[in-house]
Amino acid sequence: MLLEHEEDHLSAEDVYLLVKEKSPEIGLATVYRTLELLSELKIVDKINFGDGVSRYDLRQEGAAHFHHHLVCIECGAVDEIQEDLLEDVENIVERDWKFKIKDHRLTFHGICSRCQKDSDDTEE
Ligand SMILES: [Zn+2]
Ligand SMILES: [Zn+2]
């Protein structure tokens, strides 16, 4: 279900609506339970972009870290950075805080390139 879907960052309700098309007998509670299980198994990652809605993100196969997110505050688009930008930061934290890092979350909030273009157009 989630795995077949191209779209990432789906909420449980989004997944439920997709599942319902094929399997109308499946309830929202089942979808929630399944998503919780998948996130415990680290097959999906549970993320929150600050809008109070938990979303589920498919973990890239073999990825050592969770990809970074760019969240546009104008249009709500979520772009992904697969490259790990935090290696240096992790080294410092591990060295100075003796903290063994297993993973991290990095989300940038700002205005995406598409929205920046839009506002340029209206100013002219
Ligand atoms: Zn993502
Ligand atoms: Zn935008």
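Just so you know, all these numbers are worked out from the coordinates, no wet-lab data involved. The shown structure was predicted, so the numbers you read here are calculated from the model rather than taken from an experiment. In this analysis, Cβ positions are derived from the backbone assuming ideal geometry, glycine residues included, and neighbour counts consider all displayed protein chains.
Loop-only check: which GluC sites (Glu not before Pro) in the stretch 64-102 are DSSP coil with at most 14 other Cβ within 10 angstrom?
Details: sites: Glu74, Glu80, Glu83, Glu87, Glu90, Glu94; in loops: Glu74, Glu83.
Passing both the DSSP loop test and the Cβ count: Glu74, Glu83.
Over the chain, what is the relative contact order in whole percent, taking alpha-carbon pairs under 8 Å and six or more residues apart?
Values: 131 pairs, mean separation 24.9, N = 124.
About 20 percent, as a whole number.
Which of the three applies to the stretch 64-124, rounded, prolate or oblate, going by the alpha-carbon gyration tensor with a ≥ b ≥ c and a/c under 1.5 meaning rounded?
Prolate, because a/c is 1.5 or more and a/b exceeds b/c.
Which loop-located trypsin sites (Lys or Arg not before Pro) does the stretch 1-101 contain, where loop means any DSSP state but H, G, I, E or B and the Cβ has at most 10 other Cβ atoms within 10 Å?
Here the trypsin sites (Lys or Arg not before Pro) that fit, given the DSSP loop and packing criteria, are Lys42, Lys98, Lys100.
Can you tell me the Rg and the Dmax, both Å, for the Cα atoms in the chain?
According to the Cα coordinates of the chain, Rg and Dmax are 17.5, 53 Å.
Using a simple spin-label model with points 7 Å from Cα along the Cα→Cβ vector, what separation in nm is obtained for Phe99 and Lys22?
4.0
Please tell me the relative contact order of the stretch 1-59 in percent, rounded to the nearest whole number, where contacts are Cα pairs under 8 Å and at least six residues apart.
It comes to 38 percent, rounded to a whole number.
Fewest to most neighbouring Cβ within 10 Å: what's the order for Ile47, Ile26, Ile92?
Ile92, Ile26, Ile47
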